[in-house]
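The values are calculated or read from the model by the stated rules, or taken from the named source; none is laboratory data. For clarity, every value in this text was computed on a predicted model and none was experimentally measured. Cβ coordinates were reconstructed from backbone atoms using ideal geometry, including for glycine residues, and neighbour counts include every protein chain displayed. When the accessible area is computed, the model is the full protein with side chains, heavy atoms only, and any ligands, DNA or RNA have been set aside. Shrake-Rupley method; radii C 1.70, N 1.55, O 1.52, S 1.80 Å.
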Amino acid sequence: MALARAYGAIVSGVAGHLVTVEVDHSQGLPGVGIVGLPDATVSEARHRVRTAFRNQKLTWPSGKVTVSLSPAELRKQGAGLDLAIAIGIIGATGQVSQSVLESTVFIGELGLDGGIRSVAGAVPAAIAAAQAGFTTVVLSLTNARQCQMVSGINVVSYSDLQHLLRGLAHKAEPLNIAELEPMDTPVQPDLADVLGQHHARWALEVAAAGGHHLFMLGAPGVGKTMLAERLPGILPALTSEHALEVASIHSIAGTLDQGIDINRPPFEAPHHSSSMSAIIGSVHGHSVRPGAVTKAHRGVLFLDEAPEFSRNALEVLRQPLESGRIVLNRSHWSGIVPAQFQLIMAANPCPCGNALPDTPAKCVCRSIVKQHYFHKLSGPLMDRIDINMLIPSVNAVKPGERSAIVAQRVGEARERANRRFRHQAWSMNADIPPDFLRGEYSVNSNALSLLEELHQREGGLRGAHRILRVSWTIADLNGRDRPSREDLAMAIHLRERPLGQAA
């Protein structure tokens, strides 16, 4: 056979794309040419594949081999096309029938010994194969375990090229993915570990029930970090669709095997020294390295010591907080990256942490130092925060409710919202569009008078809209069909910034 066709997949941005690998074997000077916008890694596949052939005792073609990667205008990068190229060459030399390649996508890097290795981004690549109508995808054993959650496609794994060829000829069985030890998943910390802080725990429950953003101000050691870390434990489990989105992102980031429970909302807590690129992500060639906001997609982004982050790293959050996505424009790649997360920020009252009246030590910070400390938390950023909490010193040693109990109430409130929004494009109170807040989901005139007073005092509509959304969440937690005046008053109280900080 002079011409053969195999199929592989790559990742461009954060999405998988199917690649058709056409291999032509003809007379001429021996050599392998790869066309179709390959990057250096793809071009180097000729050396890896040829050495793998020799070590696997496979016949290498004696003439000229031309490999065409289609679509030609799409930049190909990464070692994930090694396996598809190798299978295409095997097909072009008549060592395997073309018919067995038509319904299968091959994804993997080849070792020099012919072994099939894992690649980053296997999950979105497998999703692309399933969407294109293929029935089988061949990957390494590790990647196969990751891709089992992709519906509509049969995921199989082989150890090396010889094993794969025997499997295609129905002379060998694929590796048993079930024999792998299950991936370690972290144990969710429990809210019962937080002593006292009943008001803060309730605010966290409101944030969880409605998907609202939360800012906590308090002295060191009062439990701000503990509260934030326990938020994912009271959030509902991800739907299968959202779990697949999370798995795709962490597959690209290479963190899927690092204790990520893809059925639970992810929790990202970048260090305050993180750069703007580490927060929003970066582009290398046509490959996106997901930043913290994307790895927190469908979950929680926690910024501890928020005033210690750079101003640029904080201000870049304004777009995804409104739209749930990041628009990256670089010289080689432009596109949209998902970033729909729940933001939790924590801060001390001053650099020394002793500015609050209930702290035993005396604050030693000058007023200009305090002003500079909170200067990075700009008004436009803080205006996007729904709930502001002043966390006092621990006032009790009795444990509170366990996460499971709180999670049940959160789930019931979410279910009320889901029923209310069953014909809408959103499902959480935090996502209600402004025009609906002024129409179908407005509050009664008695409650609205409170909001009008606040609007006259502060001006601007964003704050009013966020207060209305929180009031709907409080109503859901209280089992009411529509927010009352008391619900709206509590939402206004939760909106107030502690000590006027970051105004």
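So, with +1 on the Cβ of K and R and -1 on the Cβ of D and E, and no other charges, what is the size of the charge dipole of the chain about its Cα centre, to the nearest 20 debye?
540
Can you tell me how the range 374-413 classifies by the Cα gyration tensor, rounded, prolate or oblate, using a/c under 1.5 as the rounded cut?
It comes out oblate by the Cα gyration axes.
Using 0.36 nm per residue, how much length does the chain from residue 160 to residue 177 gain when fully extended, once their Cα-Cα distance is taken away?
So the extension gain works out to 4.6 nm.
In deg cm²/dmol and to the nearest 500, what is the mean residue ellipticity at 222 nm of the chain if only DSSP H runs of at least 4 residues count, each as -39500 (n - 2.57), divided by the residue total?
-10000 deg cm²/dmol
Cα-Cα over 24 Å: which of 57/171; 76/171; 295/370; 64/171; 370/398?
Over 24 Å Cα-Cα: 76/171; 295/370; 64/171; 370/398.
Which one, 260, 310, 212, is farthest towards the positive end of the dipole of the range 185-327 when Lys and Arg carry +1 and Asp and Glu -1 on their Cβ?
310
Short version: ³J(HN,Hα) in whole Hz for each residue of the range 140-145, in order, from phi by Karplus 6.51 cos²θ - 1.76 cosθ + 1.60 (θ = phi - 60°), x for Gly and Pro, what are they?
Karplus-based 3J(HN,Hα) across the range 140-145 equals 5, 5, 5, 5, 5, 5 Hz.
Which angle between 0 and 90 degrees, to the nearest 10, do you get for helix 198-210 versus the longest principal axis of the chain when only C-alpha atoms count?
Helix 198-210 and the main axis of the chain meet at about 50 degrees.
For residue 376, list the lysines whose Cα falls under 20 Å from its own Cα; do not include residues on the same chain fewer than 8 positions away.
Candidates past the 8-residue exclusion: 224.
From the list (i) 68, 36, 26; (ii) 53, 23, 21; (iii) 36, 29, 23, can you say which value of semi-axes √(5λ) of the Cα gyration tensor in Å was derived from the structure given?
Correct label is (ii).
Pop out the carbon and sulfur fraction of the accessible area of the chain as a percent, whole number, probe 1.4 Å.
51
Hey, could you grab the Kirkwood Rh for the range 199-255? Inverse mean 1/r over distinct alpha carbon pairs, Å, one decimal.
After inverting the mean inverse Cα-Cα distance, the result is 13.3 Å.
Apply the a/c threshold of 1.5 to the C-alpha gyration tensor of the range 69-158 and tell me whether it is rounded, prolate or oblate.
rounded
Once both labels are modelled 7 Å past Cα along the beta-carbon direction, what's the residue 263-residue 74 spacing in nm?
Rounded to a tenth, the inter-label distance reads 3.2 nm.
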